[in-house]
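Each remark here refers to the structure printed beneath this line.
Taken together, the values in this text are just the output of simple stated rules run on the coordinates, not laboratory data. Nothing here was measured: the structure is a model prediction, and the numbers come from that model. So basically every Cβ, Gly included, is an ideal-geometry build from the backbone, and we count neighbours across all protein chains shown.
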Amino acid sequence: MAQSSETNKNETSVGAIAVKVDDLTVAYNYKPVLWDIDLEIPEGVLMAIVGPNGAGKSTLIKSILGILKPIAGSVEIFGKPYEKQRQIVAYVPQKGSVDWDFPTTALDVVTMGTYGSLGWIKRPGQKEKKAALEALEKVGMLPFKNRQISQLSGGQQQRIFLARALVQNASIYFMDEPFQGVDATTEIAIINILKELRKAGKTVIVVHHDLQTVPEYFDWVTFLNVKKIATGPVKDIFNDDNLTKTYGINYKVSIQE
Amino acid sequence: MSNAQIEIQLIASLVAIACAIPGTFLVLRKMAMISDAISHSILPGIVIGFFITQDLNSPLLILLAALTGIITVVLVEYIQKTGLVKEDTAIGLVFPILFSIGVIMIAKNANDVHLDVDAVLLGELAFAPFDRLIIAGLDVGPKSLWIIGSILIITIGLLLAFFKELKVSTFDAGLSAALGFSPAVIHYGLMTVSSVTTVGAFDAVGAILVVALMIAPAATAYLLTNELKRMLIYAICFGVFSAIAGYWLAHVLDASIAGSITTMLGLLFLVVYLFAPRKGIIAVMYREKQQRTEVSLLTFLLHLKNHSEERERHVNHLNEHINWQKVRSKTVLDLALKNNMIQFDKNIVSLTEKGEQFTSQAIDYIITNQDNKIEHMKDDFFLFRG
């Protein structure tokens with residue numbers, strides 16, 4: 001685990017729990033997709049959620065964020081329900097979940113990240129626009145600010161989504177497959193930003209597909225397949241045993257270290 | 001123009017604006033068919049409201065009918081949620097049933113209700129000026145004008161207040177929920193406005209035109225702009241234009257006003273569909289043709305780059321070597337010359353410095369797919385615009 005997050009923890013309360021999930025069960029049409037999940041995510045980690053297709057990875061994030069209603073269980077963000085902590089949580093949905101032909105520009109999409117702090121009715125002003133431009137700069141998309149979003153490549157669209165989360169200036173970031181369909185350059189750019197966030201003491205939770213890159217990118221990992229298989233530091237629990245338990249077959253992955 | 005004529009055009013224009021606003025969001029939410037369902041299934045609400053109030057223009061009737069509209073949406077979503085039928089099927093099941101309940105109620109009480117099915121479908125805009133609103137003995141104008149005017153003011157007020165919420169929940173419902181703007185609240189808010197507008201416009205323009213006024217202007221505007229605010233403004237302009245032009249078309253043809261307005265909406269859409277600068281059919285076909293030519297150009301340049309032998313680059317042998325027909329070869333050669341990418345030296349073609357550079361960059365882009373390197377070429381070449 002990175003030393004920087006250790007020092008950060010000492011500054012705040014030692015071993016603070018950023019996200020606590022208790023007995024969470026979620027079902028689509030009475031078919032459970034998450035069974036009795038107990039999960040504690042410590043503050044300041046960069047965590048991957050891994051598991052096969054249909055394991056409920058996106059569902060877990062969506063239920064933590066109150067987008068889906070669980071049939072049982074509870075979620076706490078720094079000891080309080082999510083509804084009270086919206087301001088400190090940012091969310092990057094899957095790129096495919098929105099219509100990129102929507103008539104709007106890159107800058108406008110990033111500005112949407114400021115809507116949460118504005119609340120109902122109040123409109124974004126100069127301050128919000130400035131924050132959005134800064135976030136665009138951070139992801140290297142400033143030259144494209146007025147580009148219609150359908151005119152952006154897949155990697156650029158993903159950067160726009162990341163900028164929209166950055167503008168929220170949250171403490172916890174949830175990201176649903178931010179590396180899906182992006183080129184190598186964008187993947188490196190994104191992971192560098194995520195590592196920067198962790199360095200700044202933020203907690204970053206990422207639904208991730210590429211098992212090869214887990215040890216390189218992340219310091220914390222949760223194995224999920226309808227039930228929670230394991231959670232903890234990558235160096236302790238990212239092993240063939242847990243991979244086999246999660247993916248059901250005798251899974252071998254060469255860990256590059 | 002007589003007073004009645006002005007009043008009819010004014011009513012039609014206000015209806016057009018009131019419809020274009022929710023219509024824009026319905027189109028973006030891919031819910032166009034819901035407006036069709038609402039416009040038909042409010043009929044029983046109107047009939048029941050009329051039994052109670054005995055006044056087609058009473059606000060209570062409008063609310064009752066709008067409630068039927070909301071019930072339609074709830075029923076459609078409920079049936080869909082069971083997973084047994086798809087959404088379009090659910091819509092097709094719900095609204096004809098509610099509509100026919102309304103039709104039967106009218107037929108059974110024909111003596112009490114001055115509604116007939118023709119008027120319900122096509123409206124009676126021409127008669128709107130005859131039904132006046134009299135306050136303290138003073139004639140303040142047609143009732144329809146006041147009704148649709150009030151609805152329009154409320155709609156504009158809601159739009160201004162909740163524009164940001166409507167935008168984010170339409171674009172990204174997940175983010176909207178995470179930020180605390182309940183997509184369900186906004187969804188039902190929009191459905192309520194759509195229902196109230198439909199009822200308010202119904203008496204004047206009928207069930208079919210209401211759908212056309214909601215969907216056609218927004219669909220037309222969608223082809224012309226990449227910005228939500230502009231799309232709203234364009235949709236409003238198209239709606240008003242069709243309303244007024246349609247009125248005069250009906251005047252000239254001595255035909256139904258509702259029918260003529262709908263015809264104008266259709267014609268306007270057709271024109272934009274064909275000629276819109278970026279998304280129109282002709283623009284798309286032109287772009288595809290240009291892209292094909294540019295791919296050929298690149299193939300040709302690559303051929304020149306890869307072959308230093310003179311026989312491969314002799315102007316008379318190019319056709320055989322690249323295996324193209326004369327017309328295509330000529331188009332490609334012209335394009336290359338126009339961009340100073342090739343030069344001739346005694347009928348031997350070779351790349352200029354610019355041609356060399358362009359070829360390397362283009363190939364590099366195709367291999368790496370890195371957009372930032374070719375940003376400056378996007379304006380000149382369709383090939384790089386995705």
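Odds and ends about this structure:
- Neighbour counting of Cβ atoms within 10 Å sorts the residues B:170, B:263, fewest neighbours leading, into B:263, B:170.
- Residue order, fewest to most beta carbons within 10 Å, for B:213, B:84, B:333, A:24: B:84, B:333, A:24, B:213
- When B:237, B:19 are sorted by how many other C-beta atoms sit within 10 angstrom of their C-beta, beginning with the fewest, the order is B:237, B:19.
- For B:162-175, mean number of other protein chain Cβ atoms within 10 Å: 6
- For chain B, relative contact order (Cα pairs under 8 Å, six or more residues apart, normalised by length) works out to 19 percent.
- Shown here: region B:163-306, whose C-alpha atoms stretch 72, 53, 19 Å along the first, second and third principal axes, sorted largest to smallest.
- Result for chain B in a Gaussian network model with C-alpha springs under 10 Å: among B:308, B:144, B:296, the largest mean-square fluctuation is at B:308.
- Förster-model FRET efficiency, 30 Å R0, residue B:52 and residue B:136, C-beta, rounded to 0.05: 0.70
- Positive minus negative residues near residue B:144 (Lys, Arg vs Asp, Glu; Cβ under 11 Å): -2
- Sparsely packed loop sites in region B:248-312 (the trypsin sites (Lys or Arg not before Pro) outside DSSP H, G, I, E and B with at most 15 other Cβ atoms within 10 Å) comprise B:278, B:279.
- Within 10 Å of each Cβ in A:109-117, the average number of Cβ atoms from other chains: 4
- Mean residue ellipticity at 222 nm, helices only, chain B: -24500 deg cm²/dmol; runs of at least 4 DSSP H residues each add -39,500 (n - 2.57), and the sum is divided by the number of residues.
- Linear extension gain, residue B:292 paired with residue B:279, 0.36 nm per residue minus alpha-carbon span: 2.9 nm
- Under 21 Å from the Cα of residue A:69 - lysines, other chains or at least 8 residues apart: A:20, A:31, A:57, A:80, A:84, A:227, A:228, B:81
- Taking chain A and dividing mean pair separation by its residue count, relative contact order in percent (alpha carbons under 8 Å, at least six apart): 26 percent
- Per-bin percent of Cα-Cα distances, chain B [10 Å]: 5, 19, 22, 17, 11, 11, 9, 5, 1, 0
- If you run the Gaussian network model on chain B, springs between alpha carbon atoms under 10 Å, then out of B:280, B:137, B:200 the most flexible one is B:137.
- Degrees, to the nearest 10: B:32-41 long Cα axis against longest axis of chain B: 10 degrees
- For chain A, the longest principal axis of the alpha carbon atoms and the long axis of helix A:154-166 meet at an angle near 90°.
- Computed extension gain for residue B:150 through residue B:345, at 0.36 nm per residue and net of the alpha carbon distance, reaches 62.6 nm.
- Within 10 Å of each Cβ in B:178-185, the average number of Cβ atoms from other chains: 6
- Annotation: aspartates and glutamates with alpha-carbon distance below 17 angstrom to residue A:138 (same-chain offsets under eight excluded): A:108, A:128, A:187, A:196.
- Along chain A, longest interval not containing exposed trypsin sites (Lys or Arg not before Pro), exposed being DSSP loop plus at most 15 other Cβ atoms within 10 Å: A:123-251
- The angle separating the long axis of helix A:126-138 from the principal Cα axis of greatest extent in chain A is about 60 degrees.
- Value of relative contact order over region B:25-134, rounded to a whole percent, pairs C-alpha under 8 Å and six or more apart: 30 percent
- From helices alone, chain A scores -9500 deg cm²/dmol at 222 nm; the rule is -39500 (n - 2.57) for each run of n ≥ 4 DSSP H residues, then divide by the residue total.
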